[in-house]
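Participant: Next up is a structure, given as structure tokens.
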Amino acid sequence: MTDFTEEELALDPGFAARFERDKRRPPCQLYLISPPLIDAPFTDRLAAALDGGDVAAFQLRLKGIDDHAIARAAEPLQKLCADREVAFIVNDSIALAKRLGADGVHLGQSDGDPREARQLLGPSAQIGVTCHDSRHLAMEAGEAGADYVAFGAFYPTTTKETRHRAEPSILSWWVTLFELPCVAIGGITAANAAPLVAAGADFLAVSGAVWNHAEGPRAGVAAFAPALARVA
Ligand SMILES: Cc1ncc(COP(=O)(O)OP(=O)(O)O)c(N)n1
Ligand SMILES: Cc1nc(C(=O)O)sc1CCOP(=O)(O)O
Ligand SMILES: [Mg+2]
């Protein structure tokens, strides 16, 4: 443990703990979620978003269309992600993630068992699990072999109807106790992201703030850069 002066600790008692935590964890990164519906030019929009700054992962989250249509839409997007070394994650379906040879799958609480996903997708697949605002669900997901746990929604969102509201304290609780990465999701924008980063989020999962940015998706990603720098 680094030594801090009494003055430093009196000014901010949490500083030493955050300093040690942040030394252990890589900087917070963006995890981009697709809009629920896309059209053909979306590949160009994704390319523009990836030009805007570092994106660790892209999740294909299409709603209301069947797996064949998702598979067709996925092809150019998956190639683009591979070219840019961005992890390509499929939402909801273990079977579709397997069929596409995706880098991973994101599972909601009723989308399937992380153990089953591990068996089918193998040891290198990234398996994420929605845990809402529940410490219990997050510990269960960790025990089931998830590669990350996702908490949310932190803010109001128009991308999805949400029934759970999470507070930044669940992130700081998680990162104090566990090494497994945590994702924050729900209504996150460049303007409201700072408390989530300060609380220890390893990834910010973002959709609307990028795709609906007034100056386009490239600017949408670029806008997050200042917020992603963790300030102790
Ligand atoms: C990173 C991330 N976190 C949470 C979710 C939400 O998953 P789920 O609860 O299954 O809801 P849908 O996205 O399927 O509507 C997510 N997709 N990604
Ligand atoms: C897909 C999703 N899951 C959530 C959860 O709380 O589990 S919130 C959400 C929507 C994320 O999109 P945006 O960044 O536009 O709010
Ligand atoms: Mg789901």
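Participant: Do we have any residue at all in the range 109-117 that's open to solvent by less than 30 Å² (accessible area, probe 1.4 Å), among the aliphatic types (A, V, I, L, M) and in a helix (DSSP H, G or I)? Walk me through how you get there before you give the answer.
Facilitator: Restricting attention to the range 109-117, the residues satisfying the condition of being open to solvent by less than 30 Å² (accessible area, probe 1.4 Å) are 114, 117.
Cutting the leftovers down to among the aliphatic types (A, V, I, L, M) gives us 117.
Of the ones still in play, those that are also in a helix (DSSP H, G or I) are 117.
Yes, because at least one residue in the range 109-117 is open to solvent by less than 30 Å² (accessible area, probe 1.4 Å), among the aliphatic types (A, V, I, L, M) and in a helix (DSSP H, G or I).
Participant: If I go through the range 182-198 residue by residue, how many of them are crowded, with 22+ Cβ neighbours inside 10 Å, more than 16 Å from ligand 3 (Cβ to nearest atom) and more than 11 Å from LEU228 (Cα to Cα)?
Facilitator: 3
Participant: Which residues, counting only those in the range 34-47, are among the hydrophobic types (A, V, I, L, M, F, W, C) and surrounded by fewer than 16 Cβ atoms within 10 Å (Cβ to Cβ)?
Facilitator: Initial filter on the range 34-47 (among the hydrophobic types (A, V, I, L, M, F, W, C)): 37-38, 40, 42, 46-47.
Hits for the range 34-47 are LEU37, ALA40.
Participant: Considering only residues that are within 16 Å of ligand 3 (Cβ to nearest atom) and closer than 20 Å to ASP103 by Cβ, which ones fall in the range 36-57? I'd like the intermediate steps shown before the answer.
Facilitator: Step one: filter the range 36-57 for residues within 16 Å of ligand 3 (Cβ to nearest atom), giving 36-37, 57.
Selection gives ALA57 alone.
Participant: Anything in the range 98-108 that is crowded, with 19+ Cβ neighbours inside 10 Å, within 16 Å of TYR31 (Cβ to Cβ) and not charged (D, E, K, R)? List them, or say none. Even if it seems obvious, please write down each step before you answer.
Facilitator: Step one: filter the range 98-108 for residues crowded, with 19+ Cβ neighbours inside 10 Å, giving 100, 102-107.
Now restrict to residues that are within 16 Å of TYR31 (Cβ to Cβ): 102-107.
Once the filter is applied, which keeps residues that are crowded, with 19+ Cβ neighbours inside 10 Å, within 16 Å of TYR31 (Cβ to Cβ) and not charged (D, E, K, R), the range 98-108 yields ALA102, GLY104, VAL105, HIS106, LEU107.
Participant: Checking ALA57 against (1) small (Gly, Ala, Ser); (2) within 21 Å of VAL206 (Cα to Cα); (3) more than 16 Å from ligand 1 (Cβ to nearest atom): exactly one of these is not met. Which one?
Facilitator: (3)
Participant: Now for a separate question. What pairs come up if the first residue lies in the range 117-133 and is in contact (Cβ under 8 Å) with a residue 40 or more places away in the chain and of a type outside the set (D, E, K, R), the second is open to solvent by less than 10 Å² (accessible area, probe 1.4 Å) and part of a loop (DSSP other than H, G, I, E, B), and their beta carbons are under 7 Å apart, counting only those six or more places apart or on different chains?
Facilitator: Every condition considered, the pairs that remain are GLY128/ALA146.
Participant: Looking at THR176, is it touching a residue at least 24 places away in the same chain (Cβ under 8 Å), among the β-branched types (Val, Ile, Thr) and assigned to a loop (DSSP other than H, G, I, E, B)?
Facilitator: On the way: touching a residue at least 24 places away in the same chain (Cβ under 8 Å): yes; among the β-branched types (Val, Ile, Thr): yes; assigned to a loop (DSSP other than H, G, I, E, B): no.
Against the criterion (touching a residue at least 24 places away in the same chain (Cβ under 8 Å), among the β-branched types (Val, Ile, Thr) and assigned to a loop (DSSP other than H, G, I, E, B)), THR176 does not qualify.
Participant: Pick out the one residue from ALA227, ALA214, ALA201, ALA190 that is at pLDDT 95 or above and not in a loop (DSSP other than H, G, I, E, B). I'd like the intermediate steps shown before the answer.
Facilitator: Details: ALA214 fails: not in a loop (DSSP other than H, G, I, E, B); ALA201 fails: not in a loop (DSSP other than H, G, I, E, B); ALA190 fails: not in a loop (DSSP other than H, G, I, E, B).
That would be ALA227, the only listed residue that is at pLDDT 95 or above and not in a loop (DSSP other than H, G, I, E, B).
Each row is one residue, and each column tells you yes or no for (1) more than 24 Å from ARG165 (Cβ to Cβ); (2) touching a strand residue (DSSP E or B) at 6+ places or on another chain (Cβ under 9 Å).
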position: ALA69; (1), (2): yes, no
position: ARG72; (1), (2): yes, no
position: LEU100; (1), (2): yes, yes
position: GLY108; (1), (2): no, yes
position: ARG118; (1), (2): yes, yes
position: GLY128; (1), (2): no, yes
position: ASP133; (1), (2): no, yes
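Participant: Consider ALA214 against the criteria (1) in contact (Cβ under 8 Å) with a residue 40 or more places away in the chain; (2) over 16 Å from HIS132 (Cα atoms); (3) open to solvent by 60 Å² or more (accessible area, probe 1.4 Å): it satisfies all of them except one. Which criterion is unmet?
Facilitator: All conditions pass for ALA214, except number (1).
Participant: Does ARG84 satisfy the criteria of being over 19 Å from the mean Cα position of the chain (by Cα) and open to solvent by 50 Å² or more (accessible area, probe 1.4 Å)?
Facilitator: Values: over 19 Å from the mean Cα position of the chain (by Cα): no; open to solvent by 50 Å² or more (accessible area, probe 1.4 Å): yes.
For ARG84, the condition - over 19 Å from the mean Cα position of the chain (by Cα) and open to solvent by 50 Å² or more (accessible area, probe 1.4 Å) - is not met.
Participant: Can you name every residue in the range 121-148 that is polar (S, T, N, Q), within 20 Å of ALA56 (Cα to Cα) and either within 15 Å of ligand 1 (Cβ to nearest atom) or crowded, with 20+ Cβ neighbours inside 10 Å (or both)? Break it down stepwise before answering.
Facilitator: Going through the range 121-148, the residues polar (S, T, N, Q) turn out to be 124, 126, 130, 134.
Remaining after also requiring within 20 Å of ALA56 (Cα to Cα): 124, 126, 130.
Within the range 121-148, GLN126, THR130 meet the criteria.
Participant: Now a separate question. Give the range 62-81 a look and list any residue that's farther than 19 Å from LEU32 by Cβ and open to solvent by less than 20 Å² (accessible area, probe 1.4 Å), or say none. Quick ask: steps written out before the conclusion?
Facilitator: So the first thing to find is which residues in the range 62-81 are farther than 19 Å from LEU32 by Cβ, and the list is 64-69, 71-72.
The one that is farther than 19 Å from LEU32 by Cβ and open to solvent by less than 20 Å² (accessible area, probe 1.4 Å): ALA71.
Participant: Take the conditions within 14 Å of ligand 3 (Cβ to nearest atom), among the aliphatic types (A, V, I, L, M), under 20 Å from the mean Cα position of the chain (by Cα) and not in a loop (DSSP other than H, G, I, E, B) and apply them to ILE89. Does it pass?
Facilitator: Working: within 14 Å of ligand 3 (Cβ to nearest atom): yes; among the aliphatic types (A, V, I, L, M): yes; under 20 Å from the mean Cα position of the chain (by Cα): yes; not in a loop (DSSP other than H, G, I, E, B): yes.
Yes, satisfied.
The values are calculated or read from the model by the stated rules, or taken from the named source; none is laboratory data. As the structure is a computational prediction, the values presented were derived from the model and not from experiment. Positions of Cβ are backbone-derived with ideal geometry, glycine not excepted, and every protein chain shown enters the neighbour counts. Heavy atoms of the whole protein, side chains included, go into the accessibility calculation; ligands, DNA and RNA do not. Shrake-Rupley method; radii C 1.70, N 1.55, O 1.52, S 1.80 Å.
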